[in-house]
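Structure, as structure tokens:
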Amino acid sequence: MIENTSDKEQFIDIYFYSKLGMGRNAIEDDLDEILADKGEVIGGGSGPSGSNIDIEIYEGSAADFLGLIRTALKKLEVPDDTIIVINQERFQVYE
């Protein structure tokens, strides 16, 4: 169960271990849009073991955004091995 830590900084990390079928920037733009003014993509990177996107949540709990982020990533058809990490807890995009 995700701890509700809405009174301190909240971060969500998304890890893509397989090659993406689109540019990471397109995914970042879609995530920024759904986060609106409650959070934003603050970074990301790519390397030999895959790529990642880092999100900071400003309002509410990071756990509140798990469903929205999962839905967005599914619509973008990210690879099956994509992982969302909130407070060191790992979640599969495709359950």
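The values are calculated or read from the model by the stated rules, or taken from the named source; none is laboratory data. What you see is a predicted model, and the numbers here were worked out from it, not measured in a lab. Here the Cβ is made from the backbone with ideal geometry for all residues, glycine too, and neighbour counts use every protein chain on show.
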Completion exercise
Out of (1) modelled with pLDDT of 90 or more; (2) outside any helix (DSSP H, G or I), the one Gly67 does not meet is (2)
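Give me the residue from segment 5-44 that is among the β-branched types (Val, Ile, Thr), at pLDDT 95 or above and in contact with a helix residue (DSSP H, G or I) (Cβ under 8 Å, 6 or more places away or on another chain) and, out of that set, surrounded by the fewest Cβ atoms within 10 Å (Cβ to Cβ). Can you show your working first?
Quick first cut of segment 5-44, residues among the β-branched types (Val, Ile, Thr) only: 5, 12, 14, 27, 34, 41-42.
Retained after the next criterion (residues that are at pLDDT 95 or above): 12, 14, 27, 41-42.
Right, trim to in contact with a helix residue (DSSP H, G or I) (Cβ under 8 Å, 6 or more places away or on another chain) and you get 12, 14, 27, 41.
On the way: Ile12: 23, Ile14: 24, Ile27: 22, Val41: 20.
Looking at residues that are among the β-branched types (Val, Ile, Thr), at pLDDT 95 or above and in contact with a helix residue (DSSP H, G or I) (Cβ under 8 Å, 6 or more places away or on another chain), I get Val41.
Quickly run through segment 45-64 and pick out the residues that are in contact with a helix residue (DSSP H, G or I) (Cβ under 7 Å, 6 or more places away or on another chain) and at pLDDT 95 or above.
The answer is Ser51, Ile53, Ile55, Ile57.
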Exercise for the section: Inspect segment 70-85 for any residue being under 12 Å from Gln10 (Cα atoms), touching a residue at least 60 places away in the same chain (Cβ under 8 Å) and among the polar types (S, T, N, Q) and give the result as yes or no. Expected result: no
